[in-house]
Amino acid sequence: MEKTMYVPILKWRQGEYLAVGRTRETIKDWMYPLFEIPVEQWDFENDAPAKSLDDHLKNVGKRLSTNWKKRRCLFDSPHLAGDDTMANGDHHLAHVFDLARASACQAIPVTGLGRHLAYQQAVASIIAQDSRGCALRLIPDDLEGNPSAKIDGLMHLLGVTPEQVDIVLDSAADVADSPTLQASIWQAWIAGLPYISRWRSLTVAGGSFPASLNPSAGYRPHGDVHRREWRGYTRLAASIPLRQPWFGDYGCASPQTEMMDPRLFDPNAKIKYTIDDQWRIIVGTQVKRNGRDQYRDLCRHLISDRPVVFMGRTYSAGDEYIEDCANSVASTGGSSTWPTVATNHHLTKVVRDLANVSGASTVP
């Protein structure tokens, strides 16, 4: 039986790629991650990028090799301008794949309908050089009108057939509250796709983690948020669709991101912890004003709260860190520590649940 793979859509930031790297190999076997290149850091004081695009991207290959090695993965660049180039004039996506290639990584480019011609040409060049095809990421508007003609036109430009294309049907933050409604939306998308049996893979994805955790009082001592995309997927899987899709989400982050001026922003301490159909969110107070020691109390609350949701230190590297922090064995970390902890646990939880939903004989 073919595995029903998990396609986490993750920003290429330290918290996320370290979380992937620290995931057990048996969990990685069920993952086909889609990494998004984030926008450059911004220097708000000078109203300019904090570093050049060359500096922003220079370590992608090395970090991908360290954290994902030679496994296949998807790379997308929806946040930079489609015609952004490096200092030497190379397209930025082509440069990313040069770096990945130099580190012996097996990255696959992601594109979509309506991307800049320069971006599509860069994708076509990468496909021709690597012979690994591409992924086509579709949003709801793409499937209106005559999607077959638009998809055929793009495949002709890229020089690929359906057998060389991974389809990702991405609801992003537009995920219905009702699992039944979301399942029916995805069913309609799948029914409207051409070549349904020929695509290399088919994934449905969405991300319902809140863009803001305000008011924070709603998450003290904790609050639970429905994982609407997972609830919709389990309903879809039970409906026996035309083709059983893989599952994708945005980890423990919202698809809607914005740049914050760090001079004006003092974030609250928080722990995000994925449970069956929800995220358990535990929020403290402002970190700059009140310090990081409060993370120990947040970890203790997660571990000791009843009914028990904590899955034990052996569940994932993230769970081990939570218990060690609660017991003052591990530090309270830095800005990327808790995204790493949350995402590492989340990846493990989703893979194991997906294996159960798909009827796998062995759960990793």
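The values are calculated or read from the model by the stated rules, or taken from the named source; none is laboratory data. Remember, predicted model here, so these are calculated numbers, not experimental data. A quick note on method: Cβ atoms are made from the backbone with ideal geometry, for glycine too, and the neighbour counts reach across all protein chains shown. These area figures cover heavy atoms from the full protein model, side chains too; ligands, DNA and RNA do not enter into them. Shrake-Rupley method; radii C 1.70, N 1.55, O 1.52, S 1.80 Å.
Side notes on the structure shown:
- Less than 5 angstrom separates the built amide H of Gly248 from those of Val7, Val204, Ala205, Gly206, all sequence-distant by 5 or more or on a different chain.
- Whether region 48-141 is rounded, prolate or oblate, judged on the alpha carbon gyration tensor where a/c under 1.5 counts as rounded: oblate
- Here the 3J(HN,Hα) profile of region 320-330, calculated from phi with Karplus coefficients 6.51, -1.76 and 1.60 at θ = phi - 60°, is 4, 5, 4, 5, 5, 5, 4, 8, 6, 8, 9 Hz, Gly and Pro shown as x.
- Taking label positions 7 Å along the Cα-Cβ direction at both Ala238 and Ala149, the computed distance is 4.0 nm, reported to one decimal.
- Three-way shape call for region 204-325 based on the alpha-carbon gyration tensor, with the a/c threshold at 1.5: oblate
- Intensity falloff of region 2-44 expressed as log10 I(q)/I(0), Debye formula with alpha-carbon point scatterers, at q = 0.16, 0.22, 0.27 Å⁻¹: -0.49, -0.77, -1.00
- Angle in degrees between helix 147-158 and the longest Cα principal axis of the chain, rounded to the nearest 10: 80 degrees
- Aspartates and glutamates whose Cα lies under 19 Å from that of Lys69, excluding same-chain neighbours fewer than 8 positions away: Glu16, Glu25, Asp29, Glu36, Asp98, Asp130
- Rg ratio (alpha-carbon, reference 2.2 N^0.38 Å) - region 210-260: 1.53
- Hydrodynamic radius (Kirkwood) for region 1-113, which is based on Cα pairs only, to one decimal in Å: 14.9 Å
- With the highest mean first, a sort of the peptides 296-304, 80-88 on other beta-carbon atoms found within 10 angstrom per residue produces 296-304, 80-88.
- Using a probe radius of 1.4 angstrom, the carbon and sulfur fraction of the accessible surface of region 80-192 is 52%.
- Helix axis angle, 294-304 relative to the chain longest principal axis, alpha carbon, degrees: 90 degrees
- Prolate/oblate/rounded label for the chain (Cα gyration tensor, a/c 1.5): oblate
- Tilt relative to the chain, helix 92-102 - C-alpha long axis, 0 to 90 degrees, to 10: 80 degrees
- Heavy-atom accessible surface of the chain, averaged per residue, reaches 44 Å², computed with a 1.4 Å probe.
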